[in-house]
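Inspection log for the structure reproduced underneath, given as structure tokens.
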Amino acid sequence: MPKVDVPAVLLVATSVLYPVVAAIAVRTVGPGWVVGGLLAFLLLRTLSDRARRTPGALTLGLLLAAGGLVTVALFDRELSVRLYPAFMNAAMFLAFGQTLLRGPSMIERFARMTDPDLPPSGVAYTRVVTMIWTGFFVLNGAVAVWTAIWADWHVWTLYNAGVSYGLIGVLIVGELVVRPLARRAMEAR
């Protein structure tokens, strides 16, 4: 039976539920409590990452997200709560993007978990997929910033709790559809 990575599961659950919980919590307990909870969560996650030897860029990204959260909170706590999804997109951009500069690419790392003998064509393919994800984090982060600054809470929650994850799902399913086609094309060469 595979070992469950509890910190990773908590990060995903917190990320998915965050927009809805934040929208409710800001109205009921105030943005200061939400910022405090986010900071505690990010710091615990960072400590957990250090203990598990998570790639440094992801840990650095989480620390930068915490720093951005604190910086904005000094001026506007509610805005910092709303910018959290943008900070997380920036953290993921940093984590994926740095692997394009100093390989192996992030998706290659994932692929080698199941296929340690990834052929050169697979390495090239995973690099392209990493570039696509890196671009996604830029675009998704830009929309998250727009919703945080100019949209109301309903639009912010709809995008960051729904549309954003729907787009992630489309990317994942799209890659699952394209992967076997790309593999066949590479084998035909």
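The values are calculated or read from the model by the stated rules, or taken from the named source; none is laboratory data. In this text, all values refer to a predicted model and were calculated from it rather than measured experimentally. Backbone-built Cβ (ideal geometry, glycine too); neighbour counts: all protein chains shown. With ligands, DNA and RNA removed, areas are computed over all heavy atoms of the protein, side chains included. Shrake-Rupley method; radii C 1.70, N 1.55, O 1.52, S 1.80 Å.
So here's what we get for this one:
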quantity	calculated
Gain in span if fully extended, L118 to V178, counting 0.36 nm per residue against the direct Cα distance	19.9 nm
Per residue accessible area of the chain, 1.4 Å probe, in Å²	58
Degrees between helix 56-73 axis and first principal axis of the chain (Cα, 0 to 90, nearest 10)	20
Pairwise FRET efficiency - L139 versus M186, Cβ, R0 = 35 Å, nearest 0.05	0.80
Alpha-carbon Rg with Dmax, taken over the chain, Å	17.9, 61
